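Rule-based calculations on the coordinates, nothing more; no lab input. Since we're looking at a predicted model, the values are computed, not measured. In this analysis, Cβ positions are derived from the backbone assuming ideal geometry, glycine residues included, and neighbour counts consider all displayed protein chains.
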Amino acid sequence: MAVVTRALLPDWLTTSALPFLKRLVDSGTKLRPKWYEQVLRMETTDRPHEQYDSYAKFGLMVQTDEGSAVTYDLPIQGFDKTLTPVDYSLGYKVSHRALKDDKLGPVKNLASGLGESDTETKNTVTADIFNQGFNSAFTGADGVELFSTAHLREDGVAFRNELATAADFSITSFRTALVDFRNFRDGRGKRRNLTVKWIMSAPDLYFDIAEVLESVGRPDTAENATNVTRRFFGGNNFSQIINDYLTDTDAWFIGADKEDHGLIFLEREPFTNATDVDFDTRTVKHAGWSTYDVDWVNNGIGVFGSSGG
């Protein structure tokens, strides 16, 4: 049974404690950022399942001659997706004597480590949407992976939300992605007119992306040409996100506002923790848990990616 005892921490809890020990260094005291809150739609539920279904409303208006009847249209039901929040939990046990002899405090402060583990788990699980985004084994509501050249609209028309040929980030591939992004249409063929609000990558691509976004002149040529790339999506109303949890160092992604895509973090129970004492051994037990699901519930519109060259 895994129990924190004095023998596990001899440097400060037993007779062999370090004689000149001043303090214990806790490298995890700083609150970890939650990257996914910038990108995913944060939703809550009190039910075991939540179902999502897409639909397309109507097409373009029809020119009508004087005295002619109105043309009537029908909506189209689209793709359904069910999200099921699951439990994530972790705990530890501390012997009564180890807790009593903890004069420096670290054993008493172990509870904060559960919160750190919860945040780190969520950061990792949410990044898997992108890490598995080009994997055909992980499909969404329309039957293909998140980033695909074979997505379907509700009217059955195919479209893509990845480059036709995967490419490393460059000013050329980025501009192609921006134009493709502007060509997103709804399930009746009407333009969505979406604007890119963020670009995300692993730290490895930060400098290449920053040069393209922030250079006054074009960084890919010695000619004195103006870099107008940022102007395409509204100037400064745009963010570069460094995601430490992406496993593909040359993959990069762009996306719209949260309300314009279907990437969802669905939380049923926020991080909660509790303490109990075993009567017979006086062992203190502390556990933390949270319940959530992470997925995408549409056909990939609103996000765009490249797995790199």
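Per residue, the chain reaches -5000 deg cm²/dmol at 222 nm when only DSSP H runs of four or more residues are counted, each adding -39500 (n - 2.57). When each of the peptides 196-205, 45-54 is scored by the mean number of other C-beta atoms lying within 10 Å of its residues, the order from highest to lowest reads 196-205, 45-54. Take 288-298, 166-176 and order them by the average number of nearby Cβ atoms within 10 Å per residue, most first; the result is 288-298, 166-176.
With neighbour counts taken as other beta-carbon atoms within 10 Å, the residues Val277, Val94 rank, fewest first, as Val277, Val94.
When the chain is described by a simple charge dipole with +1 on each Lys and Arg Cβ and -1 on each Asp and Glu Cβ, the residue from Leu213, Ile254, Thr281 located farthest towards its positive end is Thr281. Positive-end ranking of Gln240, Asn183, Asn299 along the dipole of the chain, with charges on Cβ about the Cα centre, is headed by Gln240. Given the alternatives (1) 24.6; (2) 15.9; (3) 25.7, mean projected area of the Cα convex hull in nm² as computed for this entry is given by (1).
In this simple spin-label model, placing a label point 7 Å from the Cα along the Cα-to-Cβ direction at both Phe279 and Thr139 gives a separation of 5.4 nm. Only Lys, Arg, Asp and Glu carry charge here, each on its Cβ (+1 for the first two, -1 for the last two); on that basis the chain has a dipole of about 1000 debye about its Cα centre.
On the basis of the beta-carbon distance and an R0 of 41 Å, Thr64 and Glu211 show a calculated FRET efficiency of 0.20. Summing Lys and Arg as +1 and Asp and Glu as -1 over all other residues whose Cβ lies under 14 Å from the Cβ of Pro48 gives a net charge of -4.
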